[in-house]
Amino acid sequence: MTNTNAAYEFIKNKNIHEHEFNQAVSEVLNDIIPYINNSEYDHHRKYAVIERLVEPERIIQFRVVWHDDKNRVQINRGFRVQMNSLLGPYKGGLRFSPKVNLSVLKFLAFEQSFKNSLTGLPLGAAKGGADFDPRGKSDFEIMRFCQSFMNEFYKYIGPDLDIPAGDMGVGSREVGFLFGQYKKLSSQFHGALTGKSTLWGGSSLRQEATGYGLIYFLEQMLCSQDEDLKGKKIVISGCGNVAYYTALKAIEHHGNVLTLSNSTGYIYDKDGFDLEKLNYIGKLGRDIYKYSEKYSSAIFAENKKPWEVSCDIALPCATENEILKEDAKHLIENGCTYIAEGANMPCTIDAVRLIKQRRINYAPGKAANAGGVAVSGLEMAQNAGKSYWSKSKVDNKLRAIMENIYQICELHGNGDLAKGANIAGYLKLSRAMIEQGLI
Ligand code: GLU
């Protein structure tokens, strides 16, 4: 395949109902195909590198049966997309959400292969989860679900095979239940999952890693323009782990964080959040609207997204496709000059096109949010070496990894970090693929 359209049409037709997956593939092919479209890369066509990169090595789908607190039988669908094991064992999170389906997981697993390759760590790529909604469930319901999920899933994972972690809907509580059941079934205590509690094999800073890493990456972007975070107006979407620690690190580095959000709306504090306010938000759970009852400097905008707030920097940390073209337009018209993605693929293709046309400094999730999986990689190293590293050691390594990812993207993209991430990721994956033969 020699042109982007032909390649994309071929893949799209093969996966006709998988919109998110096709979106992620098209975004990558737009950068890759023109780059390899010369005789130097003939062997990539001969070895069908692109066709193999978009085809998961294995997909596992299974039934998860559990009973709720009212003793009713519940059935969910569990999945694991083992995208590729080119650079190491399969690695990537588990997502529990009613929105989970194969298209979403294939897009996430595809993105994960580029992201993991950029970390420089020996990590393959995978993503999994279930169409299970953890919201409103009791601890015992969550536990029974996790145990039933693992009853099937344990056969396919292990420290040298596939190492899942958390993602949306899967935090330390779920990882605990999953690990407990894995241990019971396998009779092994080893690092088959990351994101574990630091009491029993987890790495320090794993929870904070995606958010901290995003800010370290953003600081590189700012630095390249002789700027820094001090006093910059920042809007953040989301209220989960990524958004929370992004806000925390931004505040620590003197950024002026104005918003956080969830699916019910966003809170906007014109005076900005400080650590005490952030701590309060952390305690509110889903009821973030209560923030404006306590702080008169704030409003709660029900059912709205924070992209209408004037800012210098936007950090989408909620979910895929949360910034549409109109949202990007609002951001740009209101003065935003930096967009860095804490979530995976939060900007639609049209939004990214506009952002690039207007020459906004833009960092794609596969580069800017790689801090989470990077510290998972460090957790694996600590587990394999049967050791624990100090917070400062992990933090220094995380910072170095994010700075290195920035340099690589800059080098390969000539100022276009998204293109740089795609090309750098592709070059590494394609080389491994060719070296390892037709498998
Ligand atoms: N779910 C996270 C991501 O999107 C982390 C994956 C991991 O730690 O394996 O990269």
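Data for the structure
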read-out	value
R0 of 56 Å, Cβ-Cβ distance residue 287-residue 224: FRET efficiency to nearest 0.05	0.90
Cβ-based charge dipole, region 1-137, positive-most Cα from 39, 109, 61	61
Helix runs (DSSP H) in the chain reaching 24 Å along axis by Cα, Kyte-Doolittle at least -1.0	19-36, 102-119, 391-413, 417-435
For region 307-420: accessible area per residue (Å², 1.4 Å)	39
Sites residue 357 and residue 333, calculated FRET efficiency, Cβ-Cβ separation with R0 22 Å, nearest 0.05	0.95
Calculated FRET value between residue 71 and residue 39, using beta carbons and R₀ = 60 Å, to 0.05	0.35
Estimated distance in nm for a label pair at residue 275 and residue 414, the labels positioned 7 Å out from Cα along Cα-to-Cβ	4.5
Rounded to the nearest 20 debye, dipole of region 1-90 from Cβ charges on Lys, Arg, Asp, Glu	500
Dipole magnitude (debye, nearest 20) for the chain, charges at Cβ of Lys, Arg, Asp, Glu	1040
Helix-only mean residue ellipticity at 222 nm for the chain, each DSSP H run of n ≥ 4 adding -39500 (n - 2.57), per residue, nearest 500	-14500 deg cm²/dmol
Surface accessible to a 1.4 Å probe, per residue, for the residues of region 111-180, Å²	32
Percentage relative contact order, the chain, counting C-alpha pairs under 8 Å, at least six apart	15
Within a Gaussian network of the chain (alpha carbon springs, distance under 10 Å), most fluctuating of 256, 38, 369	38
Given charges at Cβ of Lys, Arg, Asp, Glu: the chain dipole, positive-most of 86, 389, 187	187
Low-density loop positions, trypsin sites (Lys or Arg not before Pro), region 382-421 - DSSP coil, at most 12 other Cβ in 10 Å	386
Positive-end residue, the chain charge dipole about Cα centroid, Cβ charges, pick of 215, 367, 149	149
Residue-normalised accessible area of region 183-226, given per residue in Å² at a 1.4 Å probe	42
Neighbour cut-off at most 14 other Cβ (10 Å), DSSP loop, trypsin sites (Lys or Arg not before Pro), region 8-75	70, 72
Choice from 227, 55, 320 with maximal GNM fluctuation in the chain (Cα, 10 Å cutoff)	227
Region 208-264 versus region 360-426: alpha-carbon centroid distance in Å	16
With every protein chain in place, the chain: carbon and sulfur % of accessible area (1.4 Å)	48
Charged-residue dipole, Cβ positions (Lys, Arg, Asp, Glu), region 338-439 about Cα centre, Debye nearest 20	80
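The values are calculated or read from the model by the stated rules, or taken from the named source; none is laboratory data. If you're wondering where the values come from, they're calculated on a predicted model, not measured in any experiment. Glycine also receives a Cβ, built like all others from the backbone with ideal geometry; neighbour counts cover every protein chain displayed. In case anyone asks, the SASA skips ligands and DNA or RNA and just uses the protein heavy atoms, side chains included. Shrake-Rupley method; radii C 1.70, N 1.55, O 1.52, S 1.80 Å.
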